[in-house]
1. Enumerate the amide H contacts of Leu72 below 5 Å, restricted to partners 5 or more residues apart or on another chain; note that Pro and chain-start residues carry no placed amide H.
2. May I ask for the distance between the Cα centers of the range 15-47 and the range 84-100, given as a whole number of Å?
3. Once the piece of chain linking Ala103 and Gln81 is laid out straight, how much longer is it, given 0.36 nm per residue of separation minus the C-alpha distance between them?
4. Using 0.36 nm per residue, how much length does the chain from Asn63 to Ala11 gain when fully extended, once their Cα-Cα distance is taken away?
5. Report the gain in length on full extension from His52 to Ala88: 0.36 nm times residue separation, minus Cα-Cα distance, nm rounded to one decimal.
6. What relative contact order, as a whole-number percentage, does the range 19-108 give when Cα pairs under 8 Å and 6 or more residues apart are counted?
Amino acid sequence: MKVDGTSDPSAFPGLAAAQAAGAYLKPLPPWQYDPANPKAMGFVQRVVACLHQHGVKYAQVQNSPGEVEIGLTLGGPQNDQASISEGAQLIPVCDQQVLRENASSTSA
């Protein structure tokens, strides 16, 4: 954080306490990516499977301890540009597809 031209946190006593006090005000992640949701991992895995079905070669689940959201990565270790660009375009499509599949399976 830069305030008054410095990035030294010690220049702002109380900043960490203020940030911690306001942490509860941060928005929650979407339920399908929320680590507190027991079904989130399955949702993201199905989105990755959808991306693969649409031809995205390098897509995988990203789930690191302490992260705010379960996510996914595109491009693989070689940073495949086709996977990144196609995947970025298809994530909303696959999100909606998996959401529709979930809705139809719970209403049946």
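1. Placed amide hydrogens put Gln62 under 5 Å from Leu72.
2. 20 Å
3. Working: separation 22, 0.36 × 22 = 7.92 nm, distance 3.28 nm.
Length gained, Ala103 through Gln81: 4.6 nm.
4. 15.3 nm
5. Working: separation 36, 0.36 × 36 = 12.96 nm, distance 1.26 nm.
In short, 11.7 nm is gained.
6. Values: 94 pairs, mean separation 20.4, N = 90.
It rounds to 23 percent for the range 19-108.
No value in this document is a laboratory result; all are computed from the given coordinates. Owing to the predicted nature of the structure, the values given are computational and were not obtained by experimental measurement.
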